[in-house]
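Shown next, in structure tokens, is the structure this report addresses.
The values are calculated or read from the model by the stated rules, or taken from the named source; none is laboratory data. From a predicted model like this one, the values you see are computed outputs, not experimental measurements. When we count neighbours, we look across all protein chains shown, and the Cβ atoms used for this are built from the backbone with ideal geometry, even at glycine. Side chains are part of the model used for accessible areas, which takes the heavy atoms of the whole protein and leaves out ligands, DNA and RNA. Shrake-Rupley method; radii C 1.70, N 1.55, O 1.52, S 1.80 Å.
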Amino acid sequence: MSTSNPTTGKSKFARLLRLFLAGLASAYVCLILASSYLYTYKILHVPCLPGLQEHTGLQSISLTTADGIPLRGWYRAPQNGTLVLLLGGLGATRDTMLPEAEMLMRHGFGVLLADTRSCAGALGSLGYFEVADLRAMADYAAAQPGVEKLGALGFSAGGVTVLLGAAEMPQIRGVVAMGNYPNLLQEITYSPAPTLSPEWELQQLVDLSYGLLTVITPAQVSPIDAIPKISPRAVLILHGELEAPRTQPERQYQAAGEPRSLWIVPGAGHGGYLQAQPQEFERRVVAFFSALP
């Protein structure tokens, strides 16, 4: 009569357990890899709303960037010689910054607003590739009659773009940067996470996924390194009180050369600065662009 060997049974169970745990680990790795890549892909391919077809007082225009991306825009010629380029944040259309544009138009400034490149189905980058959009806007505006000076105002990723762009575009004489992060890698890793924790792994994989999708690293997208290069042209750093711990406006202000100014908007979070403090916002922004040399 044969008898089963308990040692053999235990060995088989151990092998099955190891296989199960290895499969579980592989599934976890695949899941977190796929999740981080999909998350990053969606952030860089944000869909845009159709937006308005007409707007009183604004001319609908079309722009093409140097890398061939078509952009819709709104244009209004200046009455005082100064035109402001306005860029919104993630997934912004040419309509996103209309409240700020209408405020500026009341004071005689010209405005040019445009869709972000993601609206044309192109890959976004949260501010880096979008410098080409800003350049196309600046080239269009500079060629229009009555435009003597260019300024730029950007929010969030648009704030990143105007800082990066102005650092290499001397024709932009002053920049208002609102609610922008100081460095994209620091933004991705803002939340403290213990090494090898799931959150830490996700942060590292988003960093990696961004690099794979864009062929640049998040560390390269660094407004705080661009700000000093804008001087002696003026910079206004404008952030909300509630977002300031994350966006570090004081640190960005310290990095800027003169002339520089800082306003932390009381009671405001990420955006809504004009709505939170309408009179003070109008006074400061109008005074800034009125003083461009």
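Things worth noting here:
- For the range 165-206, taking the residues that are small (Gly, Ala, Ser) and modelled with pLDDT of 95 or more, the one that is nearest to residue 83 (Cα to Cα) is identified as 174.
- Within the range 217-228, being more than 14 Å from the chain's Cα centre (by Cα), touching a residue at least 40 places away in the same chain (Cβ under 8 Å) and open to solvent by 20 Å² or more (accessible area, probe 1.4 Å) holds for one residue alone: 225.
- Scanning the range 125-135 for any residue that is without any contact (Cβ under 8 Å) to a residue 40 or more places away in the chain and within 21 Å of residue 180 (Cα to Cα) turns up at least one such residue.
- Against the conditions (1) open to solvent by 20 Å² or more (accessible area, probe 1.4 Å); (2) part of a helix (DSSP H, G or I); (3) of a type outside the set (S, T, N, Q), residue 146 satisfies every one except (2).
- Residue within the range 155-173 that is crowded, with 24+ Cβ neighbours inside 10 Å and of a type in the set (Phe, Trp, Tyr) present: yes
- The single condition among (1) modelled with pLDDT of 95 or more; (2) assigned to a helix (DSSP H, G or I); (3) open to solvent by less than 10 Å² (accessible area, probe 1.4 Å); (4) not acidic (Asp, Glu) that residue 209 does not meet is (1).
- Flag for residue 231 being among the polar types (S, T, N, Q), out of contact with any Gly (no Cβ under 9 Å at 6 or more places or on another chain) and either open to solvent by less than 60 Å² (accessible area, probe 1.4 Å) or at positive phi (or both): no
- With respect to the conditions (1) touching a Phe, Trp or Tyr at 6+ places or on another chain (Cβ under 6 Å); (2) at positive phi, residue 112 lacks only one, and its number is (2).
- Test: residue in the range 114-132 that is more than 13 Å from the chain's Cα centre (by Cα) and over 22 Å from residue 41 (Cβ atoms): yes
- Residues that are surrounded by fewer than 15 Cβ atoms within 10 Å (Cβ to Cβ) and closer than 23 Å to residue 124 by Cα, drawn from the range 61-108: 62, 64, 66, 67, 68
- The range 40-51 - residue that is out of contact with any Lys or Arg (no Cβ under 8 Å at 6 or more places or on another chain) and in a loop (DSSP other than H, G, I, E, B) and, of those, most open to solvent (accessible area, probe 1.4 Å): 49
- Every pair of residues 6+ apart whose Cβ atoms lie under 9 Å, when the first sits in the range 235-247 and is in contact (Cβ under 8 Å) with a residue 12 or more places away in the chain while the second is in a helix (DSSP H, G or I) and basic (Lys, Arg): 236/284; 238/284
- Counting only helices (runs of 4 or more DSSP H) wholly contained in the range 226-285, the ones carrying 3 or more residues that are farther than 20 Å from residue 127 by Cβ occupy 273-276.
- Restricting attention to the range 109-135, the residues that are part of a helix (DSSP H, G or I), aliphatic (A, V, I, L, M) and either open to solvent by 10 Å² or more (accessible area, probe 1.4 Å) or more than 17 Å from residue 84 (Cβ to Cβ) (or both) add up to 3.
- In the range 178-198, the residues that are acidic (Asp, Glu) form Cβ pairs under 9 Å with partners that are open to solvent by less than 70 Å² (accessible area, probe 1.4 Å), at six or more places apart or across chains, as follows: 187/126; 187/181; 187/218; 187/221; 187/247.
- Scanning the range 71-98 for residues that are of a type outside the set (Gly, Ala, Ser) and over 19 Å from the mean Cα position of the chain (by Cα) gives 74, 75, 76, 78, 79, 80, 82, 83.
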